[in-house]
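Laboratory data are not the source of any read-out in this text; all were calculated from the coordinates shown. Values in this document were obtained by computation on a predicted structure and should not be read as measured data. Note: ideal-geometry Cβ built from the backbone for every residue, glycine included; neighbour counts use all protein chains shown.
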C-alpha cells in the first residue's frame with residue numbers, strides 16, 4: 001500500500017480524534033524514522049518525549065524480547081520478580097519512599113489525584129468531600145473526564161460534561177494567585193514544571209522554590225506532573241531539579257519505557273501512598289513484569305549513556321542557534337534542554353504550515369496551541385544532526 005491508501009483507510013475506519021501530519025511511518029532507529037515509501041525523516045517530536053532514548057534502542061529491545069519470552073503479565077493478583085526491582089531502583093534514583101506503577105500517563109495523574117484526596121481526608125483531616133486541588137490555567141494532564149474537568153482549553157472540554165468537582169485554577173507562574181487561593185480545604189497543587197502541550201511555557205525563575213515554600217507552610221501537597229519534562233528531557237533528570245525542588249508527589253511516564261510500552265508511575269512518601277488499601281486502586285497491567293523489565297532497562301540507558309547530560313549540552317547549543325534565526329515570523333524562542341518551543345506571530349498564519357513544510361524537508365515536528373512549533377528530538381541526538389536540522393528549520397522559517 002502507498003501513503004495515500006493508508007491515510008484513506010485510516011480515515012475511513014478510525015475515529016478522527018487526531019489530526020496527524022500525512023506521513024505513514026513503518027520503522028525507526030535512533031533519531032530517524034522511515035515512511036512506507038522509504039523516505040527518511042529526522043524525528044523532532046520523540047512521540048511527545050516518550051522515546052528520549054531513541055527509536056528501537058537495541059538494549060531496551062533485547063530486554064523486552066527476553067522478558068516477553070518468559071512472562072509478560074501476571075496481573076497484581078500475584079507477585080512477579082520484576083516489580084520489586086523497578087520499585088527499588090526508581091525510589092533509589094529519586095529519593096522517594098514509595099512508587100505506584102500504572103500504564104498511561106493520565107492513569108498516573110488520576111492515581112496521584114486519588115492518593116492526594118484520600119491523604120487530605122485521612123491524614124490532613126479535611127472534611128469528607130470538601131477537599132480542593134488547585135491546578136493551572138493552560139494545563140495539560142491528559143484527557144479523561146476528571147482531567148478535562150480542570151482544563152482551561154475549551155476544545156478539551158466541549159461536549160464532555162458534566163465535570164468532576166473539587167478543582168480550582170490559577171494563572172500559571174503566578175505565585176500570589178496560588179497563595180491567595182489556598183484555604184483550609186486545599187489538598188494539593190498540581191502543576192507542570194514546564195507546560196509542554198500549552199506551548200513550552202516556562203514559569204518565572206524561582207517560581208518552583210516559592211511553590212515549595214507555600215505548600216510546605218500550608219501543609220498542601222506539591223504535585224509535579226513530570227510525564228513529559230522528566231527523565232532527562234530538560235537537561236536534568238527532572239525539571240524540578242533546575243531549582244533543586246522536591247515535590248511531595250511526582251508523576252512520571254512516557255520515556256520510562258523508552259517508547260516500547262505504556263509505563264507510568266506515581267512517586268511519593270509512605271504517608272501519601274500508604275493511604276491505599278487492597279482493592280481501593282489498581283490496574284490489571286500496571287506493574288506487569290514486561291513493563292517493569294522494559295522500564296528498568298530504559299532507566300539504565302538514560303544513566304549509562306549520559307543522555308541527561310547530552311540533553312543539557314545539545315539543548316543549550318540548539319536553543320542558542322534558534323534564537324539567532326532572523327525570521328519575521330518568530331515572536332519568541334524558549335525552552336530548557338531539548339524541550340523547545342518557537343512561538344510564531346499571529347501574522348505567520350499558524351504553526352501547522354511550518355510543520356508541514358519541515359516534513360517536506362525531511363524533519364518531523366508538530367504544532368501546539370496553533371502558533372507554537374515544538375522541537376523535542378530524542379536525547380541521543382548529536383551536534384552534527386542538530387546542524388542538519390537547523391539548516392532546514394531556518395529555511396522554512398524564512399519562507400513568506
Against the longest alpha carbon principal axis of the chain, how many degrees, from 0 to 90 and to the nearest 10, is the axis of helix 3-13 turned? 40
Rounded to the nearest 0.05, what FRET efficiency do residue 246 and residue 75 have when you use their Cβ-Cβ distance and R0 = 30 Å? 0.35
Gyration tensor on Cα atoms of the range 275-400, a ≥ b ≥ c root eigenvalues, a/c under 1.5 rounded, else prolate if a/b beats b/c, else oblate, says prolate
Taking a ≥ b ≥ c as the square roots of the Cα gyration tensor eigenvalues, with a/c under 1.5 meaning rounded and otherwise prolate when a/b beats b/c, else oblate, which class fits the range 136-272? rounded
Using alpha carbons only, how many degrees (0 to 90, rounded to 10) separate the axis of helix 383-397 from the longest principal axis of the chain? 70
May I ask you to derive the FRET efficiency for residue 270 and residue 29 from their Cβ-Cβ distance with R0 = 41 Å, giving the value to the nearest 0.05? 0.45
Whole angstrom only: what separates the Cα centroid of the range 175-228 from the Cα centroid of the range 325-388? 27
Zone reached by a paramagnetic label modelled 7 Å from residue 356 Cα along Cα→Cβ, restricted to the range 8-47 with backbone N below 17 Å, covers 8, 18-24
In the chain, what percentage of the DSSP-assigned beta bridges are antiparallel, given to the nearest 5? 65
7 Å from Cα along Cα→Cβ at both residue 300 and residue 388: what's the point-to-point distance in nm? 2.9
Cβ density ranking, 10 Å radius, fewest first, applied to 11, 137, 248, 22 yields 11, 22, 137, 248
For the range 1-89, what D do you get in µm² per second when you plug the Kirkwood radius from alpha-carbon pairs into Stokes-Einstein at 25 °C and 0.890 mPa s? 151
For 205, 75, which order do you get if you count the other beta carbons within 10 Å of each Cβ and list the fewest first? 205, 75
With a/c under 1.5 counting as rounded, go ahead and sort the range 116-184 into rounded, prolate or oblate using the C-alpha gyration tensor (a ≥ b ≥ c being the square roots of the eigenvalues; past the cut-off, prolate if a/b is larger than b/c, else oblate). oblate
Subtract the Cα-Cα distance of residue 165 and residue 2 from 0.36 nm times their separation in residues, and report this length gain in nm to one decimal. 53.9 nm
Just how far, in whole angstrom, is the range 60-95 from the range 238-269 if you go by their alpha carbon centroids? 17
Computed, not fitted: 222 nm per-residue ellipticity of the chain from DSSP H runs ≥ 4 (each -39500 (n - 2.57)), nearest 500, equal to -10500 deg cm²/dmol
Listed highest first by mean packing, meaning other Cβ atoms within 10 Å per residue, what order do 45-51, 307-313 come in? 45-51, 307-313
